[in-house]
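The structure appears below as structure tokens.
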Amino acid sequence: MSILEYNGAAIIAMAGDGCVGIAADRRLGAQLHTIATDFTKTFRMAPKLYVGLGGLATDVQTLHQLLEFRMNLYKLKEEREMTPQVFSHLLSHLLYEKRFGPYFVEPVVCGLDEKGEPFLSGMDLIGAPVTAKDFVVTGTCTGNLFGMCESLFKPNMNPDELFECLAQSLLSSVDRDSLSGWGGIVHIITKDNVITRELKGRMD
């Protein structure tokens, strides 16, 4: 088993029409032993910017604290919020500079840029980035997530359709993965607000 799969995760970020969403499961495990069912894997870094961190739970928390620190430094120095593109580059550089002893985390970044356009990116544990117009996934059941997202995704979804697509994709995917699941959480980011809903999933 890869160290990236030790704690289990399933995270999707998806773009809609002037909105973007991120969904994650809530399970924290040690291989097949479930430890907690309320573990946070998605983090709000700015009003219209979220990051999902899938991988080793200790590194998820360490990297989140480091990102908070770097975001606060940027805000103090620049007196403005970081855009999703800049945040994605920052995260990529943070991971790459630790490439010889990496954080075992595969992040996804989602948010709305200054024009209100969706931005999505994903990267591996040494920060090699990929941007997408439709969706990015990470976690222990990426095959299932890709299959469900490709089946259900359609361009220019409104916030309600985007929530439904994310929720169905996540719940259907984790049902076939013993390392992730136990409910989920979905954040829908629009130009006016962020809508957060919790999902009840199978508890077995």
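The values are calculated or read from the model by the stated rules, or taken from the named source; none is laboratory data. Only a predicted model underlies this, so the values are computations on that prediction, with no experimental measurement involved. FYI the Cβ positions are ideal-geometry reconstructions off the backbone, even for glycines, and counts take in every protein chain you see. Quick note on the areas: whole protein, heavy atoms, side chains included, nothing else; ligands and nucleic acids left out. Shrake-Rupley method; radii C 1.70, N 1.55, O 1.52, S 1.80 Å.
In the range 145-204, which residues are of a type in the set (Asp, Glu), over 22 Å from LYS115 (Cβ atoms) and open to solvent by 50 Å² or more (accessible area, probe 1.4 Å)?
So in the range 145-204, the residues of a type in the set (Asp, Glu) come out as 150, 160-161, 164, 175, 177, 192, 198, 204.
Remaining after also requiring over 22 Å from LYS115 (Cβ atoms): 150, 160, 164, 175, 177, 198, 204.
If the condition is that a residue be of a type in the set (Asp, Glu), over 22 Å from LYS115 (Cβ atoms) and open to solvent by 50 Å² or more (accessible area, probe 1.4 Å), then GLU150, ASP160, GLU164, ASP175, GLU198, ASP204 are the ones that fit.
If we scan the range 60-75, do we find a residue that is closer than 19 Å to HIS187 by Cα and buried (at least 21 other Cβ atoms within 10 Å of the Cβ)? Checked against the condition, which is being closer than 19 Å to HIS187 by Cα and buried (at least 21 other Cβ atoms within 10 Å of the Cβ), the range 60-75 yields at least one hit. The set of residues in the range 117-162 being touching a Leu at 6+ places or on another chain (Cβ under 6 Å) and either at positive phi or of a type in the set (S, T, N, Q) (or both) consists of GLY127, THR140.
Each row is one residue, and each column tells you yes or no for (1) under 12 Å from ALA15 (Cα atoms); (2) under 16 Å from the mean Cα position of the chain (by Cα); (3) among the polar types (S, T, N, Q).
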{"position": "LEU94", "(1), (2), (3)": "no, no, no"}
{"position": "LYS115", "(1), (2), (3)": "no, no, no"}
{"position": "GLY127", "(1), (2), (3)": "no, yes, no"}
{"position": "ALA132", "(1), (2), (3)": "yes, yes, no"}
{"position": "VAL136", "(1), (2), (3)": "yes, yes, no"}
{"position": "PHE146", "(1), (2), (3)": "no, yes, no"}
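Only one of these is surrounded by fewer than 21 Cβ atoms within 10 Å (Cβ to Cβ), among the basic types (Lys, Arg) and part of a loop (DSSP other than H, G, I, E, B): ARG44, ARG80. Name it. First the steps, then the outcome.
On the way: ARG44 fails: part of a loop (DSSP other than H, G, I, E, B).
None of the others qualify; the one that does is ARG80.
HIS89 falls short on exactly one of the conditions (1) more than 19 Å from the chain's Cα centre (by Cα); (2) open to solvent by 80 Å² or more (accessible area, probe 1.4 Å), and that condition is (1).
Given the residues GLU161, GLU114, GLU106, which is the only one that is among the acidic types (Asp, Glu), in contact (Cβ under 8 Å) with a residue 12 or more places away in the chain and part of a helix (DSSP H, G or I)? Outline the logic, then answer.
Working: GLU114 fails: part of a helix (DSSP H, G or I); GLU106 fails: part of a helix (DSSP H, G or I).
Every option except GLU161 fails the conditions.
Can you spot a residue in the range 85-93 that is part of a loop (DSSP other than H, G, I, E, B) and not β-branched (Val, Ile, Thr)? Looking through the range 85-93, none of the residues is part of a loop (DSSP other than H, G, I, E, B) and not β-branched (Val, Ile, Thr).
Test of understanding: among ASP134, ASP113, ASP160, which residue is charged (D, E, K, R) and more than 18 Å from ALA23 (Cα to Cα)? Give the steps one after another, and end with the answer.
Working: ASP134 fails: more than 18 Å from ALA23 (Cα to Cα); ASP160 fails: more than 18 Å from ALA23 (Cα to Cα).
Just one listed residue meets the conditions, ASP113.
Looking for something small (Gly, Ala, Ser), under 29 Å from GLU68 (Cα atoms), assigned to a helix (DSSP H, G or I) and open to solvent by less than 20 Å² (accessible area, probe 1.4 Å) - is there at least one such residue anywhere in the range 123-134?
At the first step, the residues of the range 123-134 found to be small (Gly, Ala, Ser) are 127-128, 132.
Add one more test, that the residue is under 29 Å from GLU68 (Cα atoms), and what stays is 127-128, 132.
Imposing the further condition that a residue be assigned to a helix (DSSP H, G or I) reduces the set to none.
Within the range 123-134, none of the residues are small (Gly, Ala, Ser), under 29 Å from GLU68 (Cα atoms), assigned to a helix (DSSP H, G or I) and open to solvent by less than 20 Å² (accessible area, probe 1.4 Å).
Here GLY21, GLY54, GLY16 are screened, and the one residue that is in contact with a Lys or Arg (Cβ under 8 Å, 6 or more places away or on another chain) and crowded, with 18+ Cβ neighbours inside 10 Å is GLY54. Residues in the range 174-204 that are over 16 Å from LYS41 (Cβ atoms) and assigned to a loop (DSSP other than H, G, I, E, B): ASP175, ARG176, SER178, LYS191, ASP192, ASN193, LYS200, ARG202, MET203, ASP204.
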